[in-house]
Amino acid sequence: MIAEIYMPDSNLPDRFPDAPRRRLTPNARREQLLQHALGAFAEAGIERAVHADVAKRAGVSTPTVFKYFPTREALVEAVLDRVEVTYIELIEHVPDGAQVGAADMTRLWATALNVLCQTQPDLMKVGLSWCVAFSSVRTRYLSFEDRMLDMLKSRMKDSVTDRSDARILIAIATLYIRMHFDGSSEDVRRRYVERMAEIFAAASDAKP
């Protein structure tokens, strides 16, 4: 199910070399620039990426990027908005602990993250750097994290009064994403997930 949600349609050709080039609509151009912005932020970091980096990647002038994102703050906000939407959709689509249990919820969470790391690597790298950024974007991340914690807590089996289990799941996910981009083998990542699933399930079962 997760793969169906996030995998692109492989039957669509990437380009049509014989077709005439068409001018992009404003919405399509903005989306194109946002995708390049994710790449620029993934490479240079949230604190350092600027309009010129996006323009270079997109093959357009820097003023063109400013036309769609008038300030650097607007550019940062658009990038982080996309990260937030993607993570919230992920949480909403992974079956909750009451349906499948804590262990399988952990495994499904990892499967969905793996799909995203493969299909949207730039976005996932930005999300990873955001969670450890201690700059002007820190306040927004903490607010976003609170939202994720509340959502995850409500989806845990036998939900508890605090959000400790939700924090553990986010920590598991963060390290899993790091392992993916650090080049850990699929087998190493699988064993990590299985070990975390066992621990998570044992902790859940031990609750009164």
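The values are calculated or read from the model by the stated rules, or taken from the named source; none is laboratory data. Everything numeric here is computed off the predicted structure, so don't read it as measured data. Backbone-built Cβ (ideal geometry, glycine too); neighbour counts: all protein chains shown. All accessible areas refer to the heavy atoms of the entire protein, side chains included, with ligands and DNA or RNA removed. Shrake-Rupley method; radii C 1.70, N 1.55, O 1.52, S 1.80 Å.
Structure data summary
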{"read-out": "Rounded accessible area of SER164 (nearest 10 Å², 1.4 Å probe)", "value": "50 Å²"}
{"read-out": "Accessible surface of the stretch 62-208 [probe 1.4 Å, protein heavy atoms]: carbon and sulfur percent", "value": "53 percent"}
{"read-out": "Within-11-Å neighbourhood charge of VAL94 [Cβ basis; K, R +1; D, E -1]", "value": "-2"}
{"read-out": "By accessible area with a 1.4 Å probe, ligands and nucleic acids excluded, highest first: order of ARG178, ARG155", "value": "ARG178, ARG155"}
{"read-out": "Accessible-area ranking of LYS153, LYS125, LYS67, largest first, probe 1.4 Å", "value": "LYS67, LYS125, LYS153"}
{"read-out": "Residue order for SER61, SER136, SER154 - accessible surface, 1.4 angstrom probe, largest first", "value": "SER136, SER154, SER61"}
{"read-out": "Probe 1.4 Å, accessible area per residue of the stretch 30-94, Å²", "value": "46 Å²"}
{"read-out": "Computed lengthening from GLU198 to ASP104, 0.36 nm per intervening residue step minus Cα-Cα distance", "value": "32.9 nm"}
{"read-out": "Rounded to the nearest 10 Å², the accessible area of LEU175 at probe 1.4 Å", "value": "70 Å²"}
{"read-out": "Per-residue SASA entry for HIS93, accessible area with 1.4 Å probe, Å² rounded to 10", "value": "70 Å²"}
{"read-out": "Net charge, LEU38 excluded, C-beta distance under 9 Å - Lys, Arg +1, Asp, Glu -1", "value": "+1"}
{"read-out": "Cα-projected label distance for HIS93 with GLN118, points at 7 Å along beta-carbon direction, nm", "value": "1.4 nm"}
{"read-out": "Added length on full extension, which subtracts the Cα-Cα distance from 0.36 nm per residue, ASP182 to THR64", "value": "39.0 nm"}
